[in-house]
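The values are calculated or read from the model by the stated rules, or taken from the named source; none is laboratory data. Since this is a predicted model, take the numbers as computed values, not measurements. Methodologically, a virtual Cβ is constructed for each residue, glycine included, from the backbone with ideal geometry; neighbour enumeration extends over all protein chains shown.
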Amino acid sequence: MTTRPHHVLAIAVLAGGFALAGCSNTPAEQRAETEKKVDQIEDKMADAKLADTPKEWEKERADILDDLRSLRTDVDQELSKTNVTLADKDTKPSVRKEKEALKAELEREKANLDAMVAKAEAATDATWTTTKVDLDKAANDTRNWWTRFKDNIDKKTAADNDKDGH
């Protein structure tokens, strides 16, 4: 009686092995099948990107351009105020020196903003991803500079002119 369960077990193992061998593909067939599936997924992703990308990147670019132009307008207004102070003949030498340094800094930031606007305007669908990363970093640097600039004015005047709580 002990031989019978062993025979049944051996037959079951052999049958299972033959069944699995009949279902499995060779590694080359499996690789070809996987590549075919990956190609189909890539095609679907490319079609999805092509359908939405032009509208999305143009909207992103328009938003970034609006933000950059707004920041440039703020810098321009501060530059105008600084130029008015410098044009006044009665400005003290210490204040004049400070305002001239400020003017140089404002002009540098304005030039950076102009360059960013030009880069955004020249971007294409193909270059937008890298351009956006560059613009985001540069715009954040400029925003941080602008925030520090406004906070420094608040500290000097002991007033919260920009109404940010500092």
Across (1) over 27 Å from GLU60 (Cα atoms); (2) at pLDDT below 90; (3) exposed (fewer than 15 other Cβ atoms within 10 Å of the Cβ), LYS137 clears everything bar (1)
Conditions (1) out of contact with any Asp or Glu (no Cβ under 9 Å at 6 or more places or on another chain); (2) farther than 18 Å from ASN152 by Cβ; (3) at pLDDT below 90; (4) among the charged types (D, E, K, R) -> ASP125 fails only (1)
Go through the residues of segment 67-85 one by one and say whether even a single one is farther than 14 Å from PHE149 by Cβ, assigned to a helix (DSSP H, G or I) and within 17 Å of the chain's Cα centre (by Cα).
yes
*Of the residues that make up segment 86-94, is at least one among the basic types (Lys, Arg) and surrounded by 11 or more Cβ atoms within 10 Å (Cβ to Cβ)?*
no
Quick count over segment 115-124, residues being exposed (fewer than 14 other Cβ atoms within 10 Å of the Cβ) and not hydrophobic (A, V, I, L, M, F, W, C), is 2
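Sort out which residues of segment 93-150 are of a type in the set (Phe, Trp, Tyr) and within 14 Å of the chain's Cα centre (by Cα), and write them in order of number. Full working, then the answer.
Quick first cut of segment 93-150, residues of a type in the set (Phe, Trp, Tyr) only: 128, 145-146, 149.
Once the filter is applied, which keeps residues that are of a type in the set (Phe, Trp, Tyr) and within 14 Å of the chain's Cα centre (by Cα), segment 93-150 yields only TRP128.
Given the residues LYS81, LYS59, LYS44, which is the only one that is over 18 Å from THR129 (Cβ atoms) and modelled with pLDDT of 85 or more? Spell out the reasoning first.
Values: LYS59 fails: over 18 Å from THR129 (Cβ atoms); LYS44 fails: modelled with pLDDT of 85 or more.
The conditions single out LYS81.
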Restricting attention to segment 91-138, the residues that are closer than 19 Å to PHE149 by Cβ and among the β-branched types (Val, Ile, Thr) number exactly 1
